[in-house]
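Structure record follows, encoded as structure tokens.
The values are calculated or read from the model by the stated rules, or taken from the named source; none is laboratory data. None of the values given here were measured: they were computed from a predicted structure. Here the Cβ positions follow ideal geometry from the backbone for every residue, glycine too, while neighbour counts run over all protein chains shown.
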Amino acid sequence: MNEIKIGITGLPGSGKTYTLKRVIEMLGKDITVGGMIDEKITDGRHEIGINVCNLQTGEKVTFAKPGVESKITVGNLGVDLSLFESISIDAIKTACETCDVIVIDEVGKVEVESQAFVDAVKDALDVDKPMILTLHKKSRNPLLQDIRRRDDVRILEVTPTNRNLLPHKIMRLMNGENI
């Protein structure tokens, strides 16, 4: 497997995490995938929280929910960065050390408020392993700008039109095909 690094970007709700989860499924059981994934919690109509999940251990915690007092918010959700860090940092570091593929979902506006997360992502980018990140599309955060400028990261945008095809394209790239 190629040591390619792929950044999946797109507008909110475009299918970044969906695409990422499909690629993880397609990698199969012989490839160890580690890192972290953000999962939106809804009541069917409204976002009522956000979990961060360690892909290897399955451990998860709700780090954004209504009623949390915080300077950082997502809509009406307050963000507890220490809860986010309690799962994400170790998940990324362990993936760098022990996994075949590193996954970081999502490098977004909320997540980059954590300096520990920013440092973990920077360290992970320097590991010689395949990596898939989802990236906030419009953020001007220095970390996101650095990732977009890197020669070793291929940025792909998810749209409603390509979101079913994109996981296949990512698999071809990871297998070393030039596309």
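Taking into account only those residues within the stretch 64-92 that are crowded, with 19+ Cβ neighbours inside 10 Å and in contact (Cβ under 8 Å) with a residue 40 or more places away in the chain, which is farthest from residue 118 (Cα to Cα)? Once the filter is applied, the top-ranked residue is 64. Screening residue 48 with (1) among the aliphatic types (A, V, I, L, M); (2) under 27 Å from residue 155 (Cβ atoms); (3) touching a strand residue (DSSP E or B) at 6+ places or on another chain (Cβ under 8 Å) gives one miss only, at (2). Out of contact with any His (no Cβ under 6 Å at 6 or more places or on another chain) and under 25 Å from residue 31 (Cβ atoms) - does that describe any residue in the stretch 69-76? The answer is no; no qualifying residue exists.
Can you confirm whether the stretch 120-137 contains a residue that is polar (S, T, N, Q), crowded, with 17+ Cβ neighbours inside 10 Å and either in contact with a Phe, Trp or Tyr (Cβ under 9 Å, 6 or more places away or on another chain) or part of a loop (DSSP other than H, G, I, E, B) (or both)? There is no residue in the stretch 120-137 that is polar (S, T, N, Q), crowded, with 17+ Cβ neighbours inside 10 Å and either in contact with a Phe, Trp or Tyr (Cβ under 9 Å, 6 or more places away or on another chain) or part of a loop (DSSP other than H, G, I, E, B) (or both). Taken over the stretch 143-179, the criterion of being under 24 Å from residue 113 (Cα atoms) and among the polar types (S, T, N, Q) is satisfied by 145 alone. Among the criteria (1) part of a strand (DSSP E or B); (2) under 15 Å from the mean Cα position of the chain (by Cα), the one residue 90 does not fulfil is (1). Note on the stretch 138-170: residues that are assigned to a helix (DSSP H, G or I), touching a residue at least 60 places away in the same chain (Cβ under 8 Å) and surrounded by 15 or more Cβ atoms within 10 Å (Cβ to Cβ) amount to 4. Restricting attention to the stretch 11-65 and to residues that are of a type in the set (Gly, Ala, Ser) and modelled with pLDDT of 95 or more, the residue that is nearest to residue 101 (Cα to Cα) turns out to be 34.
Contact map, the stretch 106-119: residues that are under 21 Å from residue 12 (Cβ atoms) paired with residues that are at pLDDT below 95 and polar (S, T, N, Q), Cβ distance under 6 Å, separation 6+ or inter-chain. Pairs shown: 109/139; 112/141. Taken together, the residues in the stretch 11-32 that are surrounded by 15 or more Cβ atoms within 10 Å (Cβ to Cβ) and closer than 13 Å to residue 170 by Cβ amount to 10. Filtered by the rule that a residue be at pLDDT 95 or above and under 22 Å from residue 55 (Cβ atoms), the stretch 156-170 gives 156, 158, 166, 167, 168, 169, 170. For the stretch 95-112, the set of residues classified as at pLDDT 95 or above and either more than 15 Å from the chain's Cα centre (by Cα) or among the small types (Gly, Ala, Ser) (or both) consists of 95, 97, 98, 99, 100, listed by residue number.
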